[in-house]
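Below is one structure, written out as structure tokens; comments come after it.
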Amino acid sequence: MKKPGLQVDERSASIFRKVCTRMYLATIALLWLDVIYRQLWLRQPVTEFIDIALVLIVNVVVAIGAILYFGGVAIPRFRASIVAFFYVICVVAGTAFWILKDPSGSTGAAFGKLLIVASASAILILLYLLAAYLGTKRLDKDLDD
Amino acid sequence: MATNIRMKVARVEKSLSQQELADRVEATRQTIGLIEKGEYNPTLKLCLRIARALDRTLDQLFWEEGAK
């Protein structure tokens with residue numbers, strides 16, 4: 001018996017998820033470009049786009065954490081070199097961005113920025129590793145039950 | 001992915017249209033058409049429903065000899 005209304009099956013649901021994922025990534029990328037354009041090109045003060053920046057940061061941080069937790073990415077799969085690579089990328093990109101934003105600072109101020117970015121990146125990566133560990137434990141527990 | 005002629009033959013032998021088979025397995029006619037054309041890779045859950053609806057085994061409908 002044909003059901004009335006929208007006919008949604010696994011293929012349409014799969015296409016829906018695929019489109020949503022791509023549009024989400026496109027939206028995030030465009031918002032990042034917008035923030036960078038406002039900050040580095042237009043030289044707007046941060047207060048003028050802090051809302052967009054906060055939404056972006058929270059969204060991306062939570063999304064990556066959720067993927068690691070619900071995906072249950074096993075800790076042994078994380079090679080130390082990969083973690084170190086992402087850490088270095090975070091520190092270099094974060095520090096470079098901060099220095100580009102305010103290039104007039106002294107070497108001491110630049111070192112201070114580097115320390116803050118390095119600490120924040122370390123905390124973030126530790127939280128991600130924790131999310132992956134907890135996700136793996138949750139899946140293992142579900143499999144044992 | 002190759003055309004799934006075996007599924008089409010099994011459906012015709014059961015005198016079912018694509019729409020009737022789709023209704024039985026809770027899918028859309030388009031999905032059944034794409035599976036038969038080999039353009040959509042169904043989940044195991046849907047494969048099982050189709051096999052039951054057509055009174056065939058998974059092997060008879062979906063196993064590809066010599067496929068890697």
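Quick one: in the stretch B:1-25, which of the residues that are closer than 16 Å to B:PHE62 by Cβ, among the hydrophobic types (A, V, I, L, M, F, W, C) and open to solvent by less than 90 Å² (accessible area, probe 1.4 Å) is nearest to the other protein chains (Cβ to nearest Cβ)? Top of the filtered list is B:VAL25. When B:LEU61 is tested against the conditions (1) at pLDDT 95 or above; (2) in a helix (DSSP H, G or I), the lone failure is (1). Return yes or no: is B:LYS37 among the charged types (D, E, K, R), within 14 Å of chain A (Cβ to nearest Cβ), in contact (Cβ under 8 Å) with a residue 24 or more places away in the chain and more than 17 Å from A:ILE15 (Cα to Cα)? Considered against the rule, which asks whether it is among the charged types (D, E, K, R), within 14 Å of chain A (Cβ to nearest Cβ), in contact (Cβ under 8 Å) with a residue 24 or more places away in the chain and more than 17 Å from A:ILE15 (Cα to Cα), B:LYS37 comes out as yes. Just one of the numbered conditions (1) facing another protein chain (nearest Cβ under 9 Å); (2) more than 17 Å from A:ALA13 (Cβ to Cβ) is not true of B:THR31: (2). Of the helices (runs of 4 or more DSSP H) lying entirely inside the stretch B:1-43, those containing at least 1 residues that are basic (Lys, Arg), under 26 Å from B:GLY66 (Cα atoms) and at pLDDT 95 or above are B:5-13. Within the stretch B:40-58, the set of residues being away from chain A (no Cβ under 14 Å) and open to solvent by 100 Å² or more (accessible area, probe 1.4 Å) comprises B:ARG52, B:ASP55.
The values are calculated or read from the model by the stated rules, or taken from the named source; none is laboratory data. Small disclaimer: the values here were computed from a predicted structure and weren't measured. Every residue, glycine as well, gets a Cβ built from its backbone with ideal geometry; the counts of neighbours run over all protein chains shown. Just so you know, the surface numbers come from the protein's heavy atoms only, side chains and all, with ligands and any DNA or RNA stripped out. Shrake-Rupley method; radii C 1.70, N 1.55, O 1.52, S 1.80 Å.
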